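Chemist: This is the structure I have questions about; it appears just below.
Since every read-out is calculated from the coordinates, none of them should be taken as a lab result. Keep in mind that this is a model prediction, so the values were computed, not measured.
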Amino acid sequence: GRSNLLEDDNSYRLEMQVPGLTKKDISITAERGHLNISSKSEDKFKVDNKTYIRRDFYNTELELDYRLPENVDMDNIKAKVENGILGIEVPKLVKNSNNKKEIKIS
């Protein structure tokens, strides 16, 4: 599948196309610095009482393994499926800022 990886100051965001899949079809696990995304696809689908024996139109086999950067908050990863796009938000632990910070003298 096609995927985008975006980064801002607070988080990384992974977006991927998952046409025809719902949140029930997708499994996401995060452990030891890896994010694993997989889907289980049935051989036969029922849609509107029609049985698809084979459905290449929706290629629903998904098995992706992303190595996460070290500065991520594994406990607060969020995921959402919307309009055929799976979005995974991975918050950063430390805010990386190259801005100069003034230290107040007490």
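Chemist: Short version: ³J(HN,Hα) in whole Hz for each residue of the range 87-94, in order, from phi by Karplus 6.51 cos²θ - 1.76 cosθ + 1.60 (θ = phi - 60°), x for Gly and Pro, what are they?
Modeler: Once rounded to whole Hz, the list reads x, 10, 9, 10, x, 7, 6, 10.
Chemist: Longer than 31 Å from Cα to Cα, which of LYS23/LYS101; LYS24/LYS50; LYS23/LYS92; LYS80/LYS101 are they? Say none if no pair is. Write out the running numbers ahead of the final one.
Modeler: Values: LYS23/LYS101 43 Å; LYS24/LYS50 20 Å; LYS23/LYS92 24 Å; LYS80/LYS101 36 Å.
Over 31 Å apart, Cα to Cα: LYS23/LYS101; LYS80/LYS101.
Chemist: Quick one: Karplus J couplings for the range 5-13, per residue in order, coefficients 6.51, -1.76, 1.60, θ = phi - 60°, nearest Hz, x for Gly and Pro?
Modeler: So the J values, rounded to whole Hz, are 10, 10, 9, 10, 5, 9, 7, 9, 10.
Chemist: Name the long-range amide H neighbours of ASP73: under 5 Å, sequence gap of 5 or more, or other chain; modelled H, no Pro or chain starts.
Modeler: Those qualifying (amide H under 5 Å, at least 5 residues apart or on another chain) are LYS92, LEU93.
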